[in-house]
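Undergrad: Quick one: this structure, given as structure tokens, is what I'll be asking you about.
Read the figures in this text as sums done on the coordinates, not as results from a lab. Note that the structure is a prediction, hence the values are computed from the model and not measured. Quick reminder, even Gly has a Cβ in these numbers, built from the backbone with ideal geometry, and neighbours come from all protein chains shown.
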Amino acid sequence: DSCFSVAGTLLLLLMSNLLLWEKAASVPQCQTEVGGCWEPLVETFNSAIDRVKTLRDVAEKMHLEFMELMILKNPTILRAGTHCHSNATIHPDGIVNTNIKTKKYLKQVIHLMGAWSRPLYHLVIELSVMKNVPESIISKAKSIEENNRELLDDLRSILTKVSNFLLAFPTAQIKEKDPVWDYLPSMKSNDKMNKFVAMFNLSFCLRKDIFYTVRHLRTLKCQITGKDC
């Protein structure tokens, strides 16, 4: 009987150790490191915030150049700033709904900036083939398009990490499509005035969206990582 008792005790110890090993193996490695899983996330947020600040500064300068060039041609171009297609993605004034879930809020910010991917791509193409366009405007457009792509990479990376570690969901997928820019046909047309109207709408609305995106990212960083609140 004593032999069976010892064997039973050893078996229980072995099973307990196996369970502990399995539990330890299921814990993400980052949870055992200094700073936990959120340290890489904080770095990605910092990268995204720095990038959107660069976008804000360059977009502001590009908008001022468009203002100087285009309003002299036709003051009615100003009317193109009355509607922004990205308003459908998030509150146009950058106001945060405190009841919105973190993951949904993050997706809305991704759609906000994703709404500018195609317009910026075509802006660079059109400016590059137009005559007498200042090189300063072309270089700013290229910088904005590149930084926006890299910003979206950062934001999608954050969404994936949040889904995996914070919300215990599988890798996030963004099923909704980005809003379609109404002025894209005008941008690609042969009519110069239509092009100018489209470009002014882009510079005006993009500048506004980037300004509020800085606030959105700081709010999300606080909500998700607890840093810089």
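Undergrad: So which of Lys53/Lys227; Lys61/Lys188; Lys161/Lys188 end up more than 26 Å apart, counting from Cα to Cα?
TA: Distance filter (> 26 Å) returns Lys161/Lys188.
Undergrad: When you count, for each residue, the other Cβ atoms within 10 Å and take the mean per peptide, how do 110-117, 127-134 rank with the highest first?
TA: So the peptides 110-117, 127-134, ranked by packing, come out 110-117, 127-134.
Undergrad: Multiply the residue separation of Asn164 and Lys53 by 0.36 nm, subtract the distance between their alpha-carbon atoms, and state the gained length in nm to one decimal.
TA: Working it through step by step, the gained length comes to 37.2 nm.
Undergrad: Let me ask you something else. Could you calculate the contour length gain from Asn46 to Met130, that is, 0.36 nm times the residue separation minus the distance between their Cα atoms, to one decimal place in nm?
TA: Gain on stretching Asn46 to Met130: 26.6 nm.
Undergrad: Another question, if that's okay. What list of ³J(HN,Hα) couplings, whole Hz, do you get for the stretch 198-205 from phi and the Karplus terms 6.51, -1.76, 1.60, once you set θ to phi - 60° and write x for glycine and proline?
TA: After applying 6.51 cos²θ - 1.76 cosθ + 1.60, I find 5, 5, 5, 4, 4, 5, 5, 6 Hz.
Undergrad: Step through the residues of the stretch 114-125 one at a time and calculate ³J(HN,Hα) from phi using the Karplus curve (6.51 cos²θ - 1.76 cosθ + 1.60, θ = phi - 60°), rounding each to whole Hz and writing x for Gly and Pro.
TA: x, 5, 9, 4, 5, x, 5, 4, 6, 4, 4, 4
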